[in-house]
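Q: Dropping the structure in here first, questions after.
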Amino acid sequence: MRMKCTISYDGHLFFGYQVQPGKRTVQDELEKALKTLHKSKERIPVVSSGRTDSGVHAVGQTIHFDSTLSIPEAKWPYALNALLPDDITVNKAEAVDEQFHARFSAKRKEYRYLIDRGRHADVFKRHYAYHVPYELDTEKMKEASDYLIGTHDFTSFCAVKTDVKDKVRTIYELEWSETDDGLQMRIVGSGFLYNMVRIITGTLLDVGTGKFSPDDIGKMIAAQNRDAAGRTAPAHGLYLWNVIYDN
């Protein structure tokens, strides 16, 4: 039986999602919990919708795994949460067709980036929002965001260290909104390259400070060169918010 689960995790104390020898990762904790639950000598492989880097959080990450256990869907979150550390939570579980794949069946992903705009950094948000105390022209940031919507080659917005050849992706939505104490960027796309959301965020913040103009975004896309775009925003403000699949 193939199980699909929606999970949340606090990325602060993890070295990312994917298993790394000798390091604490989300995948490692999940597979250890499943191994214990199945009373198995071997690990139960867990597949995610995609990897998140060290420090990146998830509100709605999707995973799948195969199981021989006869546990009702509604009981799976309780069974796993009892074995998982308190910085990972299984929110929902459902049995799915064996053709379902957490990564390859995904149609869209939504990320959000949180920015703390307080004059002084909030000590309680230091791992969960990027502190930006300087002035930002949010109207220009919104104007610049429109250039990124659509289907483009996002080479300029991808980390150089990647083996991915095809860097064409589609951005469906990109919007900024004010929160009680800062800003939130929401972005929905067909998929994202390595560090793509963080580079987009950093570049749009650079527009907000006046380093770039909104029109420069189109030139960055056309350049297909990482050096053409702006900085990479820190990992700790980024959240994988939702993974969208067909019914």
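Where a number appears in this text, it was derived from the coordinates with a stated rule and is not lab data. Everything quoted here is computed from the prediction, not taken from an experiment. Note that each Cβ is placed from the backbone with ideal geometry, even for glycine, and that neighbours are counted across all protein chains shown.
Q: May I ask for the angle, rounded to the nearest 10°, between helix 138-148 and the longest principal axis of the chain, with both axes built from Cα atoms and the value confined to 0 to 90°?
A: Once rounded, the angle reads 70 degrees.
Q: Among PHE65, PHE154, PHE104, which one shows the biggest mean-square fluctuation in a GNM of the chain, springs joining Cα atoms closer than 10 Å?
A: PHE104
Q: GNM, the chain, Cα, under 10 Å: largest mean-square fluctuation among TYR172, TYR130, TYR17?
A: Of TYR172, TYR130, TYR17, the Gaussian network model singles out TYR172 as fluctuating most.
Q: So in the chain, what percent of DSSP beta bridges are antiparallel if you round to the nearest 5?
A: Details: 44 of 48 bridges.
Around 90 percent antiparallel, to the nearest 5.
Q: Only Cα pairs within less than 10 Å get springs; with that Gaussian network setup on the chain, which residue of LYS75, LYS92, LYS167 has the largest fluctuation?
A: LYS75
Q: Between ASN81 and HIS127, what FRET efficiency comes out of the Förster formula 1/(1 + (r/R0)^6) with R0 = 35 Å and r the beta carbon distance, rounded to 0.05? Walk me through the numbers on the way to the answer.
A: Details: r = 22 Å, r/R0 = 0.63.
Once the sixth-power term is evaluated, E becomes 0.95.
Q: If you compute P(r) over Cα pairs in 5 Å bins from 0, in percent for the structure shown, which of [x] 1, 6, 13, 17, 17, 15, 12, 9, 6, 3, 1, 0; [y] 1, 5, 10, 12, 14, 14, 13, 10, 8, 6, 4, 2, 1, 0; [z] 1, 5, 8, 9, 11, 13, 13, 12, 9, 7, 6, 4, 1, 0, 0 do you land on?
A: [x]
Q: So, with +1 on the Cβ of K and R and -1 on the Cβ of D and E, and no other charges, what is the size of the charge dipole of the range 107-245 about its Cα centre, to the nearest 20 debye? Walk me through the numbers on the way to the answer.
A: Working: 20 positive and 20 negative charges, 120 e Å.
Here the range 107-245 has a charge dipole of around 580 debye.
Q: Please compute the modelled spin-label separation between HIS38 and ASP166, points set 7 Å along Cα→Cβ, answer in nm with one decimal.
A: 3.1
Q: Next up: Which net charge results for the neighbourhood of LEU13, defined as the other residues with beta-carbon distances under 12 angstrom from its beta-carbon, given Lys and Arg at +1 and Asp and Glu at -1? It would help to have the intermediate numbers written out before the result.
A: Details: positive: LYS23, ARG24; negative: ASP10, GLU29, ASP86, ASP87.
Value of the local net charge: -2.
Q: So, with +1 on the Cβ of K and R and -1 on the Cβ of D and E, and no other charges, what is the size of the charge dipole of the range 2-96 about its Cα centre, to the nearest 20 debye? Write down the numbers at each step before the final one.
A: Working: 12 positive and 11 negative charges, 59 e Å.
Value, rounded to 20: 280 debye.
Q: With unit charges on the beta carbons (Lys and Arg positive, Asp and Glu negative) and the dipole taken about the Cα centre of the chain, which residue among LEU174, VAL59, TYR134 sits farthest to the positive side?
A: Positive-end residue among those listed: VAL59.
Q: Something else: Treating only the Cβ of Lys, Arg, Asp and Glu as charged (+1, +1, -1, -1), what charge dipole size does the chain show about its Cα centre? Round to the nearest 20 debye. Can you show the working numbers first?
A: Numbers: 33 positive and 34 negative charges, 169 e Å.
Once rounded to the nearest 20, the dipole reads 820 debye.
Q: Also: Could you tell me which of the pairs LYS23/LYS125; LYS109/LYS140; LYS39/LYS92; LYS140/LYS161; LYS4/LYS35; LYS39/LYS75 are separated by over 20 angstrom between their Cα atoms in the structure shown?
A: LYS23/LYS125; LYS109/LYS140; LYS39/LYS92; LYS140/LYS161
Q: In degrees, nearest 10, range 0 to 90: what is the angle between the Cα axis of helix 196-209 and the longest Cα principal axis of the chain?
A: Roughly 30 degrees, rounded to the nearest 10.
Q: Can you list, bin by bin at 5 Å, the percent of alpha carbon pairs in the range 107-245, starting at 0?
A: Computed distribution, short to long bins: 2, 11, 21, 24, 21, 13, 6, 2, 0.
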